[in-house]
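Participant: Before I ask anything, let me first share the structure, which is written out below as structure tokens.
What follows draws every value from the coordinates through simple rules; no lab data is involved. These figures come from a predicted structure and were not determined experimentally. Every residue, glycine as well, gets a Cβ built from its backbone with ideal geometry; the counts of neighbours run over all protein chains shown.
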Amino acid sequence: MTNHVTATFKTREAAENAVDRLINAGFFQEDISLLVTDTTRGSAFAIKQGDKSQEYEATGAEAGGVFGAIAALLISAAVIPSGGLALAAVGPVAATLAGLGVGGLTGGLLGALVGLGVPEHEAKLFESDVKSGAILLAVAATNNDEKKLAEKILKNTEATKVAA
């Protein structure tokens, strides 16, 4: 059974740093999910003067293993209405939310997190953080060693909460 390590971040830069560290440690981009409200996506991932978003998109396409590819996807991600909350997501979390049925389940984010194996009390805290503008990151780990490594990496970043 796949395990996930989940964390929240207050800034885009902190989330980018965490993703870069995870990829540099050997995790695959396809195993990393990001989820934000549509409002947060518009402010945190908008291209600003002096911002590296365009650069990330180009290098992400070339390198295939940097945050830029995920950021580019999140910038253009479809919005998933879930329990009255408009969410933008990429990765396995997006697939879980989409599988719940667009807008069809009250508490969709909570259900998706619990479905990923996050204990309900922690999922409620993550849901609250996301609603408040945090960026949720989840990384799939195929064994306990990967899970411990992901947890260690995320705890050594600017994550506000980490659950394994």
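Participant: Hey, can you rank 6-12, 116-122, 147-153 by average C-beta count inside 10 Å, highest first?
Facilitator: The densest-packed peptide leads the list: 6-12, 147-153, 116-122.
Participant: I would also like to ask the following. For the stretch 14-19, just list the computed ³J(HN,Hα) in residue order, Karplus coefficients 6.51, -1.76 and 1.60, θ = phi - 60°, integers in Hz, with x standing in for Gly and Pro.
Facilitator: Result, ordered by residue: 5, 5, 4, 4, 4, 5 Hz.
Participant: Taking H placed 1.01 Å from N in the peptide plane, check which residues at least 5 places from Val90 or on another chain put their amide H under 5 Å from its amide H.
Facilitator: When sequence neighbours closer than 5 places are left aside, the close amide H contacts are Leu34.
Participant: Starting from the Cα of Asp38, step 7 Å along the direction of its Cβ; do the same at Asn24; then give the gap between the two resulting points in nm.
Facilitator: The modelled label-to-label distance comes out at 3.6 nm.
Participant: Determine, for each peptide in 126-133, 28-35, the mean count of other beta carbons within 10 angstrom over its residues, then list the peptides with the highest first.
Facilitator: Result, highest mean first: 28-35, 126-133.
Participant: Tell me, what HN-Hα J-couplings in whole Hz come from the Karplus equation 6.51 cos²θ - 1.76 cosθ + 1.60 at θ = phi - 60° for each residue of the stretch 114-131, using x for Gly and Pro?
Facilitator: Values per residue, Gly and Pro as x: 4, x, 7, x, 6, x, 4, 5, 6, 4, 5, 5, 5, 4, 4, 4, 4, 4 Hz.
Participant: So who's got an amide H within less than 5 Å of the one on Ala141, skipping anything under 5 residues away but keeping other chains? H placed 1.01 Å off N, in plane.
Facilitator: Asn3, His4, Val5
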